Amino acid sequence: MQSMNDIKLKILEVTKRRGFYWKSYEIYGGLGGFYDYGPLGASLKDNILQLWKDYFVTKEGFLLLDSPNIGPELLYIASGHAEKFTDYMVKCKKCGHVFRADELLKGHVDNPEKLDAEGLWKNIKEKGIKCPDCGGELTYPEKFHLMFSTRVGMDKNAFLRPETAQGIFINFPIFYRLNREKLPLGVAQIGKGFRNEISPRQGLLRLREFNMAEIEVFIDPQEKFLLGDVRNISLPLLTREGKEYRITVEQAVKMGILSEPMAYFMGKIIIFLEKIGIDIKKVRFRQHSREELAHYSRDTWDCEVLLSYGWVEIIGIADRGDYDLKRHMEYSGKDLRAFRRFKSPKKRKIKRLRARMEILGPLFKNDARKIAEILENMEYEGGNIEILLEDRKIKIPKNAYEVVEIEESVGGERFIPQVIEPSFGIDRILYAILEHSYYERKDSGYKVLKLKPRVAPIKAGIFPLVSKEPLTTKALEILKIIRDSGVSCYYDDSGSIGRRYARADEIGVPFCVTVDYTTEKDNTVTIRERDSTLQKRVRISELPEILELLSDEKINFESLDENV
RNA sequence: GCGGGUGUAGUCUAGUGGUUAGGACGGGGGCUUCCCAAGCCUCUGACCCGGGUUCGAAUCCCGGCACCCGCACCA
């Protein structure tokens, strides 16, 4: 039995040696929190995203967006990140420990998070706040910003996005229209996010530039959200009260632990994780405590996997309510609401105004038309009328309009949709797949990555049994055929056949094709399956199709007929 | 950011002031080889960066960078 720490080191060793990923900028001494994906890693990541898109975009009928990494300052002021992502830190002069200044003032001052550096400093001195660890003097509060800031053009302040989500929110009206004004509406975005972590650690698990795949699902809270085919999926839940459950999606909703959309996406996530090769026995959903909740979130559940580092969050599902759309409405002045149609139009009697142009005209000249328009669109509630036209308050004399009572039919109402956000950390998922795929053969101790065929970066190795003619030429011919058919594969004739199988196992190649002396007689080759090491003999003419089906997991190796 | 530890070929590592820094695995070439890292020959390749101490530094000291563990942080 190997320790968890061993696995961590072995994964690290294999991934670096075989070119999955490595620390960026090593020739310049490295830079913390940045990684390069090499040939295998880039391809693995690609395959994960492909499956993600297939499962969460295509199959759900959601819409894709690809918006910029850099956004204007105002966007992130509106989103709350500019404020919430900045912390003032103080350091103890004696023991060197660092604290958030506002945390230290909690209980001493009301709303300490609203103070600036000067205000915090004043209060620290007045209340005599000392280092909670050793009682030492504290330094002047220093700003620490978790967003990378930059400049656009000469002088426009901008930020690198800390999440791809904001690009989706601000485009809601366009997507709403593209979806023919129907909810629920899901918009998905795959892209990079940037966070200037104080201290990135643990390889791919905490990066400063990372890959994320996010979905914002806009829903009408008055409409029932259907659980569909995930209702019977079993969910491992850990509530903020510390209660553990293993219940179905449907039960979780019935018991009031989860809302329908939250439960639905958890079910989808379980299926997805299993598809890409995560061991779902090592998965749980943990509800955030109140203190943990992000500024925009009403409820959040982290999907965590058990790795050698402990439980690690790989996906977050947040109920963002109407926070984001509301904020962007406030800051942009644009209407980001959806329209809810009533089942039958509501009829009501209201008082409306009819403008008398013969009075308005001479009185307001060029503005008369606009004023008339405003008047005729407003509901009359009695009293004197004063309207706002281009920042001017204008009093309208009583003789300039008539009040008429009409019966109006109202077809529906505008409202701000609620948003559920499943947000996937792709780098963490990739690492989790590697850890959950890694094993060593019982007899030999050789390393194997049991990557699912669909995520495996390379689907097949093509080998001559021994490195001799005519086997080598035949194997190279087959290589070309397989490559032309679109299946990623490679040729290897160095060392013994066993060594080549072992090399392939280590990077998770699911199938190896071997050309042997029977091949020249009847045009057949063997296909070896990685985990069982079993072989089956198939015709070369059928090989491309078989490999394609195996790689796409349309058939599995056990059910493959030997057809010679 | 703090404290502790660490930094030698692609990988794992030996070397604690003194010649051309040693090994294993890997990788390339060759021989051998009829199915799971066999063997032989051969080649390849490293002291994290900068400063200091010293006649001389991979080794000692200082600074930086990075990694690991713990603390803090993780919206």
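The values are calculated or read from the model by the stated rules, or taken from the named source; none is laboratory data. Computed from a prediction, not measured in an experiment: that's the story for all the values here. Glycine also receives a Cβ, built like all others from the backbone with ideal geometry; neighbour counts cover every protein chain displayed.
Yes/no per residue for (1) under 30 Å from A:K326 (Cβ atoms); (2) in the same structural domain as A:L49 (by TED's automatic domain parsing); (3) crowded, with 17+ Cβ neighbours inside 10 Å:
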{"residue": "A:E244", "(1), (2), (3)": "no, yes, no"}
{"residue": "A:I247", "(1), (2), (3)": "no, yes, yes"}
{"residue": "A:G256", "(1), (2), (3)": "yes, yes, no"}
{"residue": "A:D279", "(1), (2), (3)": "no, yes, no"}
{"residue": "A:A294", "(1), (2), (3)": "yes, yes, no"}
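Between residues in region A:276-303 that are among the β-branched types (V, I, T) and residues that are part of a loop (DSSP other than H, G, I, E, B), which pairs lie under 8 Å by C-beta distance while being six or more apart or on different chains?
Sorted first by the residue in region A:276-303, then by its partner, the pairs are A:I276/A:K452; A:I276/A:R454; A:I276/A:V455; A:T300/A:H288; A:T300/A:E292; A:T300/A:L293; A:T300/A:A294.
Take region A:39-80 and flag every residue that is within 17 Å of the chain's Cα centre (by Cα), of a type in the set (S, T, N, Q) and assigned to a helix (DSSP H, G or I).
If the condition is that a residue be within 17 Å of the chain's Cα centre (by Cα), of a type in the set (S, T, N, Q) and assigned to a helix (DSSP H, G or I), then A:N47, A:Q50, A:T58 are the ones that fit.
Checking the structure you have, find out if any residue of region A:517-531 is in contact with a Cys (Cβ under 8 Å, 6 or more places away or on another chain), outside the structural domain of A:G38 (by TED's automatic domain parsing), surrounded by 17 or more Cβ atoms within 10 Å (Cβ to Cβ) and among the aliphatic types (A, V, I, L, M).
yes
Do we have A:G136 as surrounded by 13 or more Cβ atoms within 10 Å (Cβ to Cβ), within 16 Å of RNA strand B (Cβ to nearest atom) and outside any loop (DSSP other than H, G, I, E, B) here?
So A:G136 does not fit the description; no.
May I ask you to list the residues in region A:429-455 that are under 18 Å from A:G498 (Cα atoms) and part of a loop (DSSP other than H, G, I, E, B)?
A:R441, A:K442, A:D443, A:S444, A:G445, A:Y446, A:K450
Just one of A:A432, A:A460, A:A456 is farther than 30 Å from A:R206 by Cα and surrounded by 20 or more Cβ atoms within 10 Å (Cβ to Cβ); which is it?
Matching residue, one of A:A432, A:A460, A:A456: A:A460.
So, A:F85, is that one surrounded by 18 or more Cβ atoms within 10 Å (Cβ to Cβ) and within 14 Å of RNA strand B (Cβ to nearest atom) or not?
yes
Let me confirm something: among A:T473, A:T524, A:T519, which residue is without any contact (Cβ under 8 Å) to a residue 24 or more places away in the chain and hydroxyl-bearing (S, T, Y)?
From the options A:T473, A:T524, A:T519, the qualifying one is A:T473.
For every residue, the table says whether it meets (1) at pLDDT 75 or above; (2) more than 48 Å from the chain's Cα centre (by Cα).
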{"position": "A:F339", "(1), (2)": "yes, no"}
{"position": "A:R348", "(1), (2)": "no, no"}
{"position": "A:L360", "(1), (2)": "no, yes"}
{"position": "A:Y401", "(1), (2)": "yes, yes"}
{"position": "A:G412", "(1), (2)": "yes, no"}
{"position": "A:F415", "(1), (2)": "yes, no"}
{"position": "A:R428", "(1), (2)": "yes, no"}
{"position": "A:Y431", "(1), (2)": "yes, no"}
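Among the residues of region A:14-37, which ones are over 15 Å from A:G508 (Cα atoms) and not hydroxyl-bearing (S, T, Y)?
A:W22, A:K23, A:E26, A:I27, A:G29, A:G30, A:L31, A:G32, A:G33, A:F34, A:D36, listed by residue number.
Which of (1) surrounded by 15 or more Cβ atoms within 10 Å (Cβ to Cβ); (2) more than 30 Å from A:D66 (Cα to Cα); (3) of a type in the set (K, R); (4) modelled with pLDDT of 95 or more is the odd one out, the single condition A:R240 does not satisfy?
(4)
Could you run through region A:161-173 and say how many residues are in a helix (DSSP H, G or I) and polar (S, T, N, Q)?
Number of matching residues: 1.
Of everything in region A:302-313, what is more than 13 Å from RNA strand B (Cβ to nearest atom) and crowded, with 21+ Cβ neighbours inside 10 Å? Give them in sequence order.
If the condition is that a residue be more than 13 Å from RNA strand B (Cβ to nearest atom) and crowded, with 21+ Cβ neighbours inside 10 Å, then A:C303, A:V305 are the ones that fit.
Quick one: count up the residues across region A:390-428 that are of a type in the set (K, R) and outside any strand (DSSP E or B).
Within region A:390-428, residues that are of a type in the set (K, R) and outside any strand (DSSP E or B) number 2.
Out of the helices (runs of 4 or more DSSP H) lying entirely within region A:456-564, which hold 3 or more residues that are within 24 Å of A:G41 (Cβ to Cβ), at pLDDT 95 or above and within 14 Å of RNA strand B (Cβ to nearest atom)?
A:497-506
Please verify whether A:I27 is more than 10 Å from RNA strand B (Cβ to nearest atom) and farther than 19 Å from A:T164 by Cα, treating the condition exactly as stated.
So A:I27 does not fit the description; no.
Taking region A:183-209 as the region of interest, how many residues are surrounded by fewer than 22 Cβ atoms within 10 Å (Cβ to Cβ), hydrophobic (A, V, I, L, M, F, W, C) and within 25 Å of A:W22 (Cα to Cα)?
Residues in region A:183-209 being surrounded by fewer than 22 Cβ atoms within 10 Å (Cβ to Cβ), hydrophobic (A, V, I, L, M, F, W, C) and within 25 Å of A:W22 (Cα to Cα): 4 in total.
From the list A:D516, A:D492, A:D505, which one is of a type outside the set (A, V, I, L, M, F, W, C) and out of contact with any Ser or Thr (no Cβ under 9 Å at 6 or more places or on another chain)?
A:D492
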